[in-house]
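This report concerns only the one structure given below.
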Amino acid sequence: MIVRRCSGGVVFYANKVLLVKNDKGEWTLPKGKIVGEGLPHESAVHRVKLETGVDPKILDIAGDTIYEFFSRSRNQRVCNAIMWYVMEAENIETEISKEFLEGGFYKVSDALEMLTHSKEKSLVDVSYKKYKNYKKEK
């Protein structure tokens, strides 16, 4: 089994969160593999910008998730260990990468219905609470 270190962002703007729809039709959060000796937080910012055009600011650690899947291209199981960060965008303008079917900022309540994977739903829920607390303190 291949184990990949990844990182990603739970990016908020007001009461909206950034989602992308992958080529399998799954709604998910922007994330990707950490390249070389890269640090997780740097990689998370880079992946969000690369995949969505959004240049986010990290506010806090959101948590981590681990999942396995079968890679048809590699013909073996892959385990993604993802470190997530609570992030904030300056606006809702996006430039979604061509690798995705669509994406953008969606109301958190709608996003929780849209997200395909339950782990990411929980992650958005917890991260939104952290985001709101951060905004109260400012």
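Quick notes on this one:
- Pairs linking a residue in region 123-138 that is without any contact (Cβ under 8 Å) to a residue 24 or more places away in the chain to a residue that is surrounded by fewer than 20 Cβ atoms within 10 Å (Cβ to Cβ), with Cβ atoms under 7 Å and 6 or more positions apart or on different chains, are D125/L112.
- Residue count for region 1-45 under the criterion of being buried (at least 16 other Cβ atoms within 10 Å of the Cβ) and either under 11 Å from the mean Cα position of the chain (by Cα) or over 20 Å from L123 (Cα atoms) (or both): the result is 19.
- Condition met for I92 (over 19 Å from L115 (Cα atoms) and not small (G, A, S)): no
- Extreme residue, nearest to K130 (Cα to Cα), among residues of region 37-62 that are acidic (D, E) and not in a loop (DSSP other than H, G, I, E, B): D60
- Every pair of residues 6+ apart whose Cβ atoms lie under 9 Å, when the first sits in region 100-117 and is more than 16 Å from Y13 (Cβ to Cβ) while the second is among the polar types (S, T, N, Q) and assigned to a loop (DSSP other than H, G, I, E, B): F100/N22; L101/N22; T116/N22
- Condition check for L59: crowded, with 18+ Cβ neighbours inside 10 Å and either under 11 Å from V10 (Cα atoms) or β-branched (V, I, T) (or both): yes
- Any hit, region 74-90, residues being under 19 Å from R4 (Cβ atoms) and in contact with a His (Cβ under 9 Å, 6 or more places away or on another chain): yes
- Residue list for region 100-122, restricted to those being of a type in the set (V, I, T) and assigned to a loop (DSSP other than H, G, I, E, B): T116
- Taking the criterion of being in a strand (DSSP E or B) and either among the acidic types (D, E) or touching a Pro at 6+ places or on another chain (Cβ under 8 Å) (or both), the residues of region 3-28 that qualify are R5, S7, G8, G9, V11, L18, V20.
- Within region 63-99, the set of residues being without any contact (Cβ under 8 Å) to a residue 60 or more places away in the chain and assigned to a strand (DSSP E or B) comprises D64, T65, I66, Y67, F69, F70.
Read-outs throughout are calculated quantities, based only on the coordinates presented, and are distinct from any laboratory measurement. It should be emphasised that the depicted structure is a prediction, and the values quoted were computed from it without experimental measurement. In this analysis, Cβ positions are derived from the backbone assuming ideal geometry, glycine residues included, and neighbour counts consider all displayed protein chains.
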